[in-house]
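Computed from the coordinates by the stated procedures, all read-outs in this text should not be read as laboratory data. Just so it is clear, the structure is predicted and the values come from calculations on it, not from any experiment.
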Amino acid sequence: MTTTEASLDRVDEIIDEYLQLGLDGIFLRPLSPFGFAIKTKQFAKYDAQKWLAFYERGLRRVLEINRQGPPFREFYAALLLTRMLSDRPIGYVDLRSPAGAGLGALVYNYDGSVFASDEGRMLAEIGDDAFRLGHVEHNSYNSLILSDKLIGAISSSLTQCAPECSTCVYESHCGADPVYHHATQGDALGIKPLSAFCARQKGIMGLLLDILKNSPEDAAVLRRWAAA
């Protein structure tokens, strides 16, 4: 699900609806600064801290459900926990260093344009072609993945040498999102202390570590997610 301002006080209801529909988990996502969320000005209606409060309430509700009976996962936590507690690859492009844009996927649009990611395609819909790599009729695969645009974005996404990331305790579990930082700060590297992406990553991982340390019953649930 994607969290709008109207969702912020209703996370229990949203999760309960998923349960009633017989689903086995939920992926709690914030709005992204692309496409329709920008056109409708929804993206600016809440900040990272409000979303983190929403996420924590949701995660604790999911853990309560697991204590009471049926297995039910929060899928983003499960991805992070797999990264944090195991050596298994997760294939999730936003948790890679360098980023998975262009390397993990290429997006072919209806008009033949090729983008480094779906987020890059959405940026183009509002007039920003920063992540348009070429056209299916005019560019070979090699020219797309070796394009200056993609190499520049990938170079900016190496957390091991990025300012703030390289000294962050969470660096080995995190990733970079050059498209997000370009959209919000006009720079693929971004200033991490001003980044909502960075704030959310730190907030979620800190919450997971706190639960693993201080809540044995819930920690057992989290470890099962990491091993699934």
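DSSP beta bridges fully contained in the chain are about 50 percent antiparallel. Backbone phi angles across segment 53-64, fed through the Karplus curve with coefficients 6.51, -1.76 and 1.60 (θ = phi - 60°), yield HN-Hα couplings of 5, 4, 5, 4, 4, x, 4, 5, 5, 4, 5, 4 Hz in residue order; Gly and Pro are listed as x.
Under 5 Å between amide hydrogens, built in the peptide plane, is the criterion, and for Ile26 it picks out Arg73, Glu74, Phe75 among residues at least 5 positions away or on other chains. Comparing Ala176, Ala116, Ala199 in a Gaussian network model of the chain, where Cα atoms under 10 Å apart are tied by springs, the biggest mean-square fluctuation is seen for Ala199. Among Val107, Val93, Val169, the largest mean-square fluctuation in a Gaussian network model of the chain, built with springs joining Cα atoms closer than 10 Å, belongs to Val169. Checking the cross-link pairs Lys149/Lys202; Lys45/Lys192; Lys45/Lys149; Lys45/Lys213; Lys41/Lys149 against a 26 Å limit on the alpha carbon distance flags Lys149/Lys202; Lys45/Lys149; Lys45/Lys213; Lys41/Lys149 as lying beyond it. For segment 99-174 versus segment 181-216, the inter-centroid distance based on Cα atoms is 20 Å.
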